[in-house]
Amino acid sequence: MFANLRPGRVVAWIILTTALVLTIFPFYWMVRTALTPAADLYAGSTSLWPDHATLINFRRVLGLVDAAEARAAGGSGAQINFLRYTLNSMIYSGSIALVQTFCCAMAGYAFARLRFPGRDLAFGIIVAALMVPPIFTLLPNFVLAKQLGVLNTIPGLVLPSLLMTPFAVFFLRQFFLSIPREVEEAALLEGVGPWGMFWRIVLPMSRGPLITIGLTTIVWSWKDYLWPLLVGKGEETRVLTVGLGVFLQQSPNRAPDWTGLMAGSVLSVIPVLLLLIFLGKRLVESLNFSGLK
Amino acid sequence: MTVVRRRDDRRVGWLFLLPVIAGFQIFYAYPTVRGVWYSLTDYSLLNEPTFVGGDNYRKLIGDEQFWNALKVTGYYVVVNIVSQTLLALGLAALMHRLTRSVVLRAALLVPWLVPNVTIGLLWAWLLDPDLGFVNHLLGTTVSFNSPNWAMPLVALVNSWAYTGYTALLLYAGMLQVPQHLYESASIDGASEVRMFRSITLPLIRPILALVLVVSMIGSFQIFDTVAVVYGGKAPIPETRVIYYYIYQQAFTYFHMGYAAAVAMVLVVVLGVLTFVQLRMLRASRSDLT
């Protein structure tokens, strides 16, 4: 097909390869910086591989060295524990993805299949909320969290998105509408009730979209910054993004602690990278707007 | 069948909806009403909100910082959306005509998986005026502190982060285009560029429009990047975007009422833009059907 287009094809591949390099190289530089002793960095080292590769930056952001040693390696010596932040991030995004996907699947099923008065109105109101930018509800939600006394607690962090987002409800309803009714009708005749239908028949049939929405929710909540910054800035409840922000502010006065920051950054990438390696095909193929109307 | 269909699932229906309705009431509906109310009050987080009518909105009209925030956000959105969409379209078209590789697509998706905070830090480092690798490579000293360069840089950094993701969405749309169209065009001697213009582009228009709407709404919400590239300090005026301005008003100066009023303006701006774009989307149904 491209027999007459060889040179064009070569150029196209060169462009694609360039795009790939531009995408990946900054991450390589992140790792490279994280493995460099701070002293080398400030001496202006720009070789592709650090001359004296070291793990000290990882050890100090994981809180494995004492303050004096951390200061010697270019840190501020302040208490920092990325292991805990990683764990908090996992709890935060994992619990939100799990509970939210399940609750929204229940609602999506009711909106798609059950018949009762007020159903379409309720759905319309929820979809209308897609239009409200998060910052608008974030201000009063912060006040609410403060009044409930859940600032700097895990429940305070997860609650606003634990049960639902309008998008997940919308997405799953559209999917449930698209599956053929025959299977459910056969089960109905056998006397399966709505709950049995949802739990034993519809959910197992919907693994693909459920994983899609679950994965997307994990990724977005993994990246969350503003809400956790307001509600979970305390040491106990810091997620990775907030931990990085706090660490940045603690930088010793002369310049940011780049080697430490890049070590912390690497830690914020590894878990999602693992997700991509194990579920990459699923994730890549699920990015599709064509089915949404 | 019709007998079963006519059942009324009233009780079980609302039971299925219970968690979602509860979450919606408490964390979406209630705060929306409260947000509108705050925008009409003087509220510092410490006192009780007191009703002041349209005062916050009147103050807004004369607030240069607010207009500046709106202006720089608009500038950001234009640079970000234009560069990101054009690059993504190009990448998607190349992938579509060259390869189905999952590994390649997964690799292009990596920046999307990474928190914007990390991306901001990484590029603040790469663009460090003294030690940054990009500045070293290009022999330049630009950074997020250069007034003329700051905003384009922030926009390009985020385009870098989201181009792969956008390209994958467009690529998925291109896969829907029937292959035989390309085959017959190729027999007729059409060039690749010609095929892209006359086949691919018209047929993915609806998806392109949807991607544009969604990424534009997302683009207005730029916050994380400018919040970290200044080392945790406030951004320079050239990059003090609307989200940051709201955040600053609410949590640095404790002008909760005023912050809510600014957020209201953002709601209206986004509402109008979405409406206009959706109208255009409807007017541009795919030529495929």
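The values are calculated or read from the model by the stated rules, or taken from the named source; none is laboratory data. Just so we're clear, the structure is a prediction, and the values are computed from it rather than from any experiment. For neighbour counting, all protein chains shown are included, and Cβ atoms are generated from backbone atoms with ideal geometry for every residue, glycine included. When the accessible area is computed, the model is the full protein with side chains, heavy atoms only, and any ligands, DNA or RNA have been set aside. Shrake-Rupley method; radii C 1.70, N 1.55, O 1.52, S 1.80 Å.
Computed quantities for the displayed model
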| item | result |
| --- | --- |
| Alpha carbon Rg of the protein assembly as shown, scaled by the compact-globule rule 2.2 N^0.38 Å | 1.02 |
| Two-decimal Rg to Rh for the stretch B:2-56 - Kirkwood Rh, Cα set | 1.36 |
| Longest segment of chain B lacking trypsin sites (Lys or Arg not before Pro) that sit in a DSSP loop with at most 15 other Cβ atoms within 10 Å | B:101-232 |
| Peptide B:217-228, shielding by other chains (average Cβ, 10 Å cutoff) | 3 |
| Dimensions in Å of the stretch B:1-130 - Rg and Dmax from alpha carbons | 25.0, 76 |
| Inverse of mean 1/r across different Cα pairs in the stretch B:63-282, Kirkwood, Å | 19.2 Å |
| Given A:K233/B:K59; B:K71/B:K233; A:K223/A:K281; A:K233/B:K233, the pairs whose alpha carbons are separated by over 24 Å | A:K233/B:K59 |
| Selection of chymotrypsin sites (Phe, Trp or Tyr not before Pro), the stretch B:162-209, meeting DSSP coil and at most 14 other Cβ within 10 Å | none |
| Value of relative contact order over the stretch A:1-104, rounded to a whole percent, pairs C-alpha under 8 Å and six or more apart | 17 percent |
| Normalised contact order of chain A, rounded percent, pairs of Cα under 8 Å and 6 or more residues apart | 30 percent |
| Square roots of five times the Cα gyration tensor eigenvalues for the stretch A:1-127, Å | 46, 34, 10 |
| Pairwise centroid distance, computed over Cα atoms, of the stretch B:209-232 with the stretch B:99-123, Å | 16 Å |
| Efficiency of FRET between B:I26 and A:A53 - r from beta-carbon atoms, R0 35 angstrom, step 0.05 | 0.10 |
| Per-residue mean of C-beta atoms belonging to partner chains within 10 Å, peptide A:278-285 | 4 |
| Calculated SAXS-style log₁₀ I(q)/I(0) at q = 0.13, 0.23 Å⁻¹ - the stretch A:3-72, Debye, Cα scatterers | -0.55, -0.99 |
| For chain A, built as a Gaussian network whose Cα springs stay under 10 Å, the top-fluctuating residue of A:P204, A:P166, A:P271 | A:P204 |
| B versus A: buried accessible surface, summed, Å² (probe 1.4 Å, to nearest 100) | 9200 Å² |
| Listed peptides A:206-212, B:225-231, B:174-180 by packing density, highest first (mean Cβ within 10 Å) | B:225-231, A:206-212, B:174-180 |
| P(r), alpha carbons of chain A - 10 Å bins starting at zero, rounded % | 6, 21, 24, 22, 16, 9, 3, 0 |
